[in-house]
Structure formats: C-alpha cells, structure tokens
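The values are calculated or read from the model by the stated rules, or taken from the named source; none is laboratory data. Please read these numbers as outputs of a predicted model, since none were measured by experiment. Backbone-built Cβ (ideal geometry, glycine too); neighbour counts: all protein chains shown. Just so you know, the surface numbers come from the protein's heavy atoms only, side chains and all, with ligands and any DNA or RNA stripped out. Shrake-Rupley method; radii C 1.70, N 1.55, O 1.52, S 1.80 Å.
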Amino acid sequence: MKGVQAQLCNAQKIKQELIEINCIDQKYKPLKEGSYIIFPIQFVPEGYSVVEKEFEAKTNTPILSNLLNIPEPLLKKLPSSQERVGSIMILEIPEELEPYETNIANAHLKINKDITTIVKKTDVHHGVFRTRGVKILAGINTKCSIHKESSVRLKIHLEQTYFSARLSNERLRVAKSVKSTENVLVMFSGAAPYPLVIWKHAKPQSITGIEINPKAHELAVENLRLNKCDDIQLYNGDVRSVLPSLKKFDRIIMPLPKTSEEFLPLALQHCKQGTVINLYTFLHVDGFENEKKRLSLICERAGHTIMFSNMVPCGQHAPYIYRVCYDIIVQ
Ligand SMILES: C[S@@+](CC[C@H](N)C(=O)[O-])C[C@H]1O[C@@H](n2cnc3c(N)ncnc32)[C@H](O)[C@@H]1O
C-alpha cells in the first residue's frame, strides 16, 4: 500500500495538505519510522515523497476486501484509488468487475462514513464542454455535491461540468504564484475552481473567467455566491467571441489540455510584456522538451517571443501521457 512520507518536523503541515485533498486513507493508522511519519493514502498526490508500506488497519473499521463477494483472482482488478467530489465517490469499474459493481459500491459506502453516494464513470470526458457521464451505484440519488478545496466551496454537478478534484494542488500552485498587482484571465473557467482559489489565496487586482458551457457557467455563478465573492467577472461564451472586447491581462490561465495551443494567438493579443501564461497540455513523457519548441514557434508566428519559467507535470492522463503545465513569460 502507498503512503506519503513526511519528516516529523513537517508532518502536521503535510497531514493538513493531504486532508484538504481527501488523500489520506482514514481506515489505516499512520506509521512512524525514525524521524519520519508515513500517511496511508488513497491516491498518489503530485509533489510528495511516496513510499510502499504495510499499514495497520484502525480497529472497528471494516476492510473493503472483507465486504466483497468477488472471486479472489478478480480482487486485484479493483482500482486502488477513487476520486471524491464532496460526498460523492467516483469509481472506475473495469469490465470484468461490472457484475459485482453494486457489491463494490455498497462496501465503499459502508467503510467511508463521509461518503453518501457512489457513482461510476460511464465514459471519458468528451466534446467541447469536456463533460462525462456517471451512473449512481449506491447511496443518495444525486450527481451534485459541495466540494471543499483550498478553503473554497464548489458546487459541482458531475455531468454538467468538467471538474477534477485531483488538480487541487496544481490550482493552489498557480494561485500562490499570482501577485496582488495582477489582472488575471481564466480562459475555459468551468465551475470557477481556478478563479475562486486564486481569489481566496492571491487577492489580485481583478479576475475574469470565460466559459462556453452554460450549465458550468451557472454553477460558477452559484459558486461565487456560495463563497460570498462578488469581485470575479464571469462571462458565458466562446473565448473567441468574448475576449476581443476585453483588455490586456497580466496572467492568462489556459486549462484546456487537448486544444489550449489553438487559442494561443488569441491569448497573445491580450498580453503585455511580462504577462504570464499558464498553458496546460497532454504530452507523452518523451515529448516535454519538444513541446517548448512547438509552443515557441506558434508564438513566433503570432509575432511574440516567449520564455519558459517552469514546466510542471501535474497528473497522469493515460500510460506515459501526462498533463503538463508550461508557465510562459511573454517578452
Ligand atoms: C478541461 S475543462 C476545465 C474547466 C475548469 N477550468 C476546471 O479546471 O475545472 C475545459 C473547459 O473549457 C470549456 N471550453 C471549451 N472550449 C471553450 C471555448 N472556446 N471558450 C470558452 N470555454 C471553452 C469547456 O466547456 C470546459 O468547461
């Protein structure tokens, strides 16, 4: 089983960070080894030291495998990590385990006291809105929940908007790099996780979000209310038609990994000298360096020279394929 290793002097801070992203597996006890403490985890978070260890189960907490009626050889097909959005747990059920999905869902419901609904993914994110389907397997009949992340609350409907709880560390990383003097644009803002985390942690001059999906935009507007925030400007529309009437920005965040670079020439028209662009893309592990040349060329053709200040892999999308953020400075 995997765990995050922390030095004792740092353990409280790391534990708090892991709790914020619902990463600690509360069914097991943390392990103390010398000057380290190791927290049992449900998924591998970005940017932490992860080790393989045996953890002792907390007494009175049933172990998942004890509640399952699945033939032994199929047990190893169970996914080792599940995503949580608020009180909903999202499972990825492999085809061989489909006949046992209700049993699996009920077992998860029983051992995770903070979870009230279990769903499974029915397809992958697709289309312009990057949404996906889910099917309710157990618990309360809802696809909507309030998710807490980095001290903001987000109402998320699993089928109406794109949202990944696993990107919370990355959002916080970007938010912490925003200066109070910046005017920030979040292209493709979805239910507003980037605008709100930036608002909470950076308090910049202004934050603007543009989102094409009307349902995601509606959730974003509701999320501003939920956080008592009235100083983020949100637009519902295509960035191609909304952005031309807006000013220039000090930072443009482009979280649309499949096609972000198509929007780079438009983004550059709204950049000043020194504007930072945080651009997300999916890349094969061998292609990280080449991508810099490709992005530089796109910008050069649009009449701009750029510099790269950082390149951050922030999650695995498929075997060997990573979500990578390029932090770009426009010259
Ligand atoms: C990968 S999601 C990211 C959403 C959000 N930023 C987040 O991190 O949860 C990309 C979003 O871009 C939106 N989108 C796609 N094309 C767009 C366009 N041309 N103009 C505005 N939004 C667009 C989609 O509807 C989707 O919500």
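Quick notes on this structure:
- Among residues of segment 201-214 being more than 15 Å from Asn183 (Cα to Cα) and free of Cβ contacts under 8 Å to residues at least 60 places away in the same chain, the one that is farthest from the ligand (Cβ to nearest atom) is Pro214.
- Yes/no for Lys32 being part of a strand (DSSP E or B) and open to solvent by 70 Å² or more (accessible area, probe 1.4 Å): yes
- Considering each residue of segment 183-198 in turn, none proves to be open to solvent by 40 Å² or more (accessible area, probe 1.4 Å) and more than 13 Å from the ligand (Cβ to nearest atom).
- Segment 214-225, subset touching a helix residue (DSSP H, G or I) at 6+ places or on another chain (Cβ under 9 Å) and open to solvent by less than 10 Å² (accessible area, probe 1.4 Å), residue nearest to Ser241 (Cα to Cα): Ala220
- Conditions (1) at positive phi; (2) in contact with a helix residue (DSSP H, G or I) (Cβ under 9 Å, 6 or more places away or on another chain); number of the one not met by His201: (1)
- Residue in segment 236-246 that is assigned to a strand (DSSP E or B), within 16 Å of the ligand (Cβ to nearest atom) and open to solvent by 10 Å² or more (accessible area, probe 1.4 Å) present: yes
- Lys258 meets the conditions (1) under 22 Å from the mean Cα position of the chain (by Cα); (2) modelled with pLDDT of 95 or more; (3) within 16 Å of the ligand (Cβ to nearest atom) in every case but one. The failed one is (2).
- Flag if Ala11 is farther than 26 Å from Gln316 by Cβ, more than 21 Å from the chain's Cα centre (by Cα) and modelled with pLDDT under 90: no
- Of all residues in segment 35-50 being out of contact with any helix residue (DSSP H, G or I) (no Cβ under 9 Å at 6 or more places or on another chain) and crowded, with 20+ Cβ neighbours inside 10 Å, the one that is farthest from Glu92 (Cα to Cα): Ile38
- Residues being part of a helix (DSSP H, G or I) and either within 30 Å of Lys272 (Cα to Cα) or open to solvent by 20 Å² or more (accessible area, probe 1.4 Å) (or both) - total across segment 125-182: 12
- Test: residue in segment 283-300 that is within 16 Å of the ligand (Cβ to nearest atom), open to solvent by less than 50 Å² (accessible area, probe 1.4 Å) and not assigned by TED's automatic domain parsing to the domain that holds Gly127: yes
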